[in-house]
Amino acid sequence: MIFLTRRATFSASHYYWNESWPAEKNERVFGRCANRNGHGHNYTLEVTVAGEPDPVTGFVVDLKWLKGVMGREVLAAYDHKHLNLDVPEFKHSIPTTENIAIAAWKRLEPVVTAAGVARLSRIRVYETPEIFAEYRGEA
């Protein structure tokens, strides 16, 4: 089994806010991240697929194809967007790094599976070089 990873970057803004809480609790729990005007990050998305190399090409997947899938399914939806306001999955979900990783998985997994050449193994989303969330699908 080979694990192949491709990286991409996107820039997006967000804020943390739980609608069921009063403002003071949001501000206490989320601090500066509760500012409803939002703040931005330059995120790094890592997508790892797993499979056996094709005996003819030596590829687990064609990296150009994977780049295109990442671009269409995730980057087009998230890049230069306000995640809370512009991205449907965050209308009722706080766009934490953890939730962004899960949402990216849900966008990518059906496409990778339908291609039938590999399986999606891991999603990593870096909010900063020091902070990332990793998702490997439901256990």
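Numerical summary
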| item | result |
| --- | --- |
| Kyte-Doolittle mean at least 0.0, axial Cα span of 18 Å or more - DSSP H helices of the chain | 97-115 |
| Relative contact order computed over the chain (Cα-Cα under 8 Å; 6+ residues apart), in percent | 30 percent |
| Low-density loop cleavage sites - trypsin sites (Lys or Arg not before Pro) in region 1-69, where at most 10 other Cβ are within 10 Å (DSSP) | 36 |
| Equivalent ellipsoid, region 42-139 (semi-axes from 5 times Cα gyration tensor eigenvalues, Å) | 25, 13, 13 |
| Furthest towards positive pole of dipole, 95, 83, 60, structure part the chain, Cβ charges | 83 |
| Region 2-135 - charge dipole about Cα centre, Lys and Arg +1 at Cβ, Asp and Glu -1, debye rounded to 20 | 160 debye |
| Packing-based order for 77-86, 99-108, 50-59, using average beta carbon neighbours within 10 Å, highest first | 99-108, 77-86, 50-59 |
| Point-to-point label distance, residue 7-residue 91, nm (Cα→Cβ direction, 7 Å offset) | 3.5 nm |
| Among 117, 49, 29: highest mean-square fluctuation, GNM of the chain, C-alpha pairs under 10 Å | 29 |
| Loop-located GluC sites (Glu not before Pro) in region 1-82, at most 10 other Cβ atoms within 10 Å (DSSP) | 19 |
| Distance between region 89-139 and region 1-56 - C-alpha centres, whole angstrom | 9 Å |
| Value of [θ]222 nm, deg cm²/dmol, for the chain, DSSP H segments ≥ 4, -39500 (n - 2.57) each, nearest 500 | -8000 deg cm²/dmol |
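Throughout, read-outs are computed from the coordinates displayed, never taken from laboratory work. Predicted, not measured: the structure shown is a model, and the values here were computed from it. Note that we place each Cβ from the backbone using ideal geometry, even for glycine, and neighbour counts take in every protein chain shown.
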